[in-house]
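Q: Structure in structure tokens, see below.
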Amino acid sequence: MRRPEKELERASRIVTRRGLVMGGLQLGLVGVLGWRMQSMQVGQAEEFRLLAEENRINLRLLPPDRGLIFDRNGVKLAENAQNYRIVIIREDAGDVDETLAALARLIPVDPAAIERAKEEMARRSAFAPVPIMERVPWEHVARVTVNTPSLPGIHAEVGLSRLYPRGQDMAHVVGYVGPVSDFDMTRGYLAEDDDPLLREIPRFQVGKTGVEARLEHTLRGSAGTARIEINAAGRVMRELGRDEGVPGRDLQLTVDSDLQRYLQIRLEGESASCVVMDLEDGDIRAIGSAPSFDPNLFVRGISVADWRMLADDKYRPLASKAVQDAYPPGSTFKMITALAALEAGEIDSEETVYCPGHLDVADLRFHCWRRGGHGNMNLHDSMTQSCDIYYYDIGQRVGIDAIGAMARRLGLGVQHDVPLSAVSDGIAPDREWKRRTRGEDWRIGDTVNASIGQGYVLASPLQLAVMTARIATGLEIKPRLVRSIDGIPQPSGRGESLGLNENHLRRIRDSMFAVSNHSRGTAYGSRIDAPEMRMSGKTGTSQVRRITPEERRAGVVSNEDLPWERRDHALFVGYAPYDNPRYAISVVVQHGGGGSAAAAPIARDILLQALYGGTPPLDAYPSAHRGRIQTQQQEMEQRAAARAASMRDRA
């Protein structure tokens with residue numbers, strides 16, 4: 001049936017209206033899409049191009065060359081040697097266990113190294129190259145390179161590794177580097193360091209001890225970057241370019257490596273330390289501890305056997321005794337007590353004190369080292385023969401506060417600013433110190449003990465060398481270990497006047513000269529015979545055990561009859577030439593017995609080596625000793641040559 005005309009017209013109008021609405025909506029949608037496309041393609045084109053580029057390019061950190069370390073004459077003490085190593089990139093390796101097993105079948109690989117690499121991979125980005133082996137022989141590198149297709153993710157690289165050409169001679173000065181550890185990053189000296197090198201480069205090496213650690217930021221430099229192209233799967237395609245990092249700065253130390261080698265050889269067989277200072281500028285010409293160790297062992301990864309041997313040695317080869325250890329200075333402290341009394345006007349140089357061999361103070365008896373006593377002693381004689389009673393007496397008169405102040409003025413009880421590990425500040429006690437640290441009042445017996453460098457008094461060999469330098473010059477000499485940084489000279493250690501009465505200093509110096517050159521002096525047997533090189537000094541012997549009244553009545557047990565760890569420490573401090581001082585020295589022989597027998601001969605030999613710039617002539621020694629000294633010199637030259645050859649072979 002045909003629909004009416006009006007109904008058809010009405011239906012047509014409805015369809016037309018809907019079509020217009022739908023068409024308008026479609027047109028609007030197309031317009032919005034077109035506007036958005038135009039915005040993205042034109043307005044935001046640069047932004048999206050950069051995002052795409054970042055997805056395509058990976059930045060990899062490049063470790064900088066570590067700064068070199070030289071001695072004062074330009075001899076290398078720490079350098080960077082070429083190092084072939086095998087690394088693995090986890091993302092490329094596929095089955096890591098199978099790949100590492102294939103590597104182990106191809107070349108010898110320590111199982112511990114494989115486990116260490118796996119642990120490192122678990123902590124690092126999948127794209128980071130993790131070292132498996134360091135210092136790989138060239139034939140192994142060639143074998144890995146030829147078999148690269150069957151070792152996915154394994155690569156041979158050429159890098160730099162630290163080398164210490166002077167080995168054990170400089171171990172306690174230069175120190176050594178090693179892989180940064182969790183302890184370093186969380187609680188160690190790098191805890192506040194946000195350098196990405198420390199976190200993003202596996203086993204990045206940082207200074208662990210000595211100058212390497214204390215001047216880490218100077219030596220490290222800053223990282224470079226390499227731009228690596230990667231595909232959609234994240235695999236490395238090629239290197240697009242690189243920006244090299246900034247190398248670390250080079251250091252020149254004040255030490256003389258030849259004198260340092262002589263010092264270390266001269267100390268062999270002892271648990272001992274020595275410091276030699278230049279009195280012109282405070283330069284430390286030599287500073288050593290014995291026994292020592294080869295720092296290259298730590299760079300390469302020290303074995304358990306080597307570590308146990310070093311850690312279990314009762315002579316403590318890993319300790320830098322010259323700065324870390326503090327000892328009762330014994331009679332080397334007597335110059336401080338005497339200067340304090342002279343400056344306070346409590347004594348004059350000719351006043352005498354009677355020494356019967358002991359002194360009763362309150363309910364205690366204090367003994368002189370000479371059981372029968374010395375008789376009447378003035379300042380000169382008491383220093384020459386090291387009478388204890390004289391210093392017990394004047395120490396009580398001047399008091400501990402004045403003695404402590406003089407000790408600090410001369411460099412004891414002060415942490416000197418040298419870039420070495422764990423520098424001790426020692427103890428120069430006074431009344432306030434004991435109240436603060438012990439919660440107790442100072443007692444008169446404490447003063448008696450302190451007056452001869454016993455009791456609470458402690459000093460490091462470095463502090464004793466500074467004390468001697470200041471007495472010899474009257475200046476506030478400060479120790480300097482770094483001579484220049486990148487060729488820029490560092491401030492001199494030569495200070496201003498101490499403000500001490502020159503007449504008082506002269507009396508102390510004259511007494512120290514007699515110690516070494518008067519026939520009754522405690523160091524007369526170790527004197528220097530060459531008139532232009534004569535030495536002034538002071539011996540010291542410090543007790544490490546208490547001698548009971550019963551033992552004194554029965555007879556004090558000699559050091560030779562005691563276990564090594566209960567024997568007295570032997571000390572000597574001195575300077576030369578006496579009338580124009582050039583060098584100051586301190587020597588401590590741990591549990592060595594008497595200072596005159598154990599420490600003074602070592603100090604004399606090392607001072608002569610410094611003064612002559614090499615092996616001294618025999619006529620610098622007393623005539624009765626020249627035959628023995630000639631044999632000693634020949635033996636030491638042979639040992640020095642053998643050590644140098646050994647270091648070359650290890651390098």
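Q: Got a sec? Which of ARG18, ARG36, ARG72, ARG105 is touching a strand residue (DSSP E or B) at 6+ places or on another chain (Cβ under 9 Å), at pLDDT 65 or above and either among the charged types (D, E, K, R) or within 30 Å of THR254 (Cβ to Cβ) (or both)? Explain how you work it out, then say what you get.
A: Numbers: ARG18 fails: touching a strand residue (DSSP E or B) at 6+ places or on another chain (Cβ under 9 Å); ARG36 fails: touching a strand residue (DSSP E or B) at 6+ places or on another chain (Cβ under 9 Å); ARG105 fails: touching a strand residue (DSSP E or B) at 6+ places or on another chain (Cβ under 9 Å).
Every option except ARG72 fails the conditions.
Q: Here are some conditions: (1) over 20 Å from MET406 (Cα atoms); (2) β-branched (Val, Ile, Thr); (3) modelled with pLDDT under 95. ILE347 meets all but one. Which one does it not meet?
A: Condition not satisfied by ILE347: (1).
Okay, residues lined up against (1) outside the structural domain of SER646 (by TED's automatic domain parsing); (2) of a type in the set (Asp, Glu); (3) in contact with a helix residue (DSSP H, G or I) (Cβ under 8 Å, 6 or more places away or on another chain); (4) surrounded by 15 or more Cβ atoms within 10 Å (Cβ to Cβ):
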| site | (1), (2), (3), (4) |
| --- | --- |
| ARG116 | yes, no, no, yes |
| ALA122 | yes, no, no, no |
| ILE132 | yes, no, yes, yes |
| GLU139 | yes, yes, no, no |
| LEU151 | yes, no, yes, yes |
| VAL174 | yes, no, yes, yes |
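Q: Any idea how many residues of segment 408-427 are within 30 Å of SER382 (Cα to Cα), in contact with a strand residue (DSSP E or B) (Cβ under 8 Å, 6 or more places away or on another chain) and hydrophobic (A, V, I, L, M, F, W, C)?
A: Adding up the residues that qualify gives 2.
Q: Right, next: Report, by residue number, each residue of segment 479-493 that is surrounded by 16 or more Cβ atoms within 10 Å (Cβ to Cβ) and under 16 Å from ALA469 (Cβ atoms).
A: PRO479, ARG480, LEU481, GLY493, listed by residue number.
Q: Looking at segment 334-355, is at least one residue assigned to a strand (DSSP E or B) and among the β-branched types (Val, Ile, Thr)? Give the derivation first.
A: Just the residues of segment 334-355 that are assigned to a strand (DSSP E or B), to begin with: 353-355.
From what is left, the residues that are among the β-branched types (Val, Ile, Thr) are 353.
Looking for residues that are assigned to a strand (DSSP E or B) and among the β-branched types (Val, Ile, Thr), one finds at least one in segment 334-355, hence yes.
Q: For segment 115-146, what are the residues that are assigned to a loop (DSSP other than H, G, I, E, B) and at pLDDT 85 or above? Break it down into steps so the answer makes sense when it comes.
A: Step one: filter segment 115-146 for residues assigned to a loop (DSSP other than H, G, I, E, B), giving 124-128, 134-137.
If the condition is that a residue be assigned to a loop (DSSP other than H, G, I, E, B) and at pLDDT 85 or above, then VAL136, PRO137 are the ones that fit.
Q: Can you pull out the residues in segment 402-413 that are buried (at least 18 other Cβ atoms within 10 Å of the Cβ) and under 24 Å from the mean Cα position of the chain (by Cα)?
A: LEU410, GLY411, LEU412, GLY413
Q: Restricting attention to segment 455-469, which residues are surrounded by fewer than 24 Cβ atoms within 10 Å (Cβ to Cβ) and out of contact with any helix residue (DSSP H, G or I) (no Cβ under 8 Å at 6 or more places or on another chain)?
A: Looking only at segment 455-469, we keep the residues that are surrounded by fewer than 24 Cβ atoms within 10 Å (Cβ to Cβ), and these are 455-456, 458.
The answer is LEU458, and nothing else.
Q: For segment 167-186, name all the residues that are part of a helix (DSSP H, G or I) and at negative phi. Walk me through how you get there before you give the answer.
A: Filtering segment 167-186 for residues part of a helix (DSSP H, G or I) gives 167-174, 182-186.
Listed by number, the residues that qualify are GLN168, ASP169, MET170, ALA171, HIS172, VAL173, VAL174, ASP182, PHE183, ASP184, MET185, THR186.
Q: Another one. If you check THR473 against the conditions, is it among the β-branched types (Val, Ile, Thr), farther than 30 Å from LEU251 by Cβ and at pLDDT 95 or above?
A: Values: among the β-branched types (Val, Ile, Thr): yes; farther than 30 Å from LEU251 by Cβ: no; at pLDDT 95 or above: yes.
Considered against the rule, which asks whether it is among the β-branched types (Val, Ile, Thr), farther than 30 Å from LEU251 by Cβ and at pLDDT 95 or above, THR473 comes out as no.
Q: Okay, moving on. Given the criterion among the β-branched types (Val, Ile, Thr), surrounded by fewer than 24 Cβ atoms within 10 Å (Cβ to Cβ), within 28 Å of GLY282 (Cα to Cα) and in the same structural domain as GLY521 (by TED's automatic domain parsing), identify the matching residue among ILE427, ILE452.
A: On the way: ILE452 fails: surrounded by fewer than 24 Cβ atoms within 10 Å (Cβ to Cβ).
Within the list ILE427, ILE452, the selection yields ILE427.
Q: Of ALA322, ALA290, which residue is of a type in the set (A, V, I, L, M, F, W, C), closer than 21 Å to GLY592 by Cα, crowded, with 20+ Cβ neighbours inside 10 Å and touching an Asp or Glu at 6+ places or on another chain (Cβ under 7 Å)?
A: Details: ALA322 fails: touching an Asp or Glu at 6+ places or on another chain (Cβ under 7 Å).
Going through ALA322, ALA290 in turn, the sole match is ALA290.
The values are calculated or read from the model by the stated rules, or taken from the named source; none is laboratory data. Predicted, not measured: the structure shown is a model, and the values here were computed from it. Note that we place each Cβ from the backbone using ideal geometry, even for glycine, and neighbour counts take in every protein chain shown.
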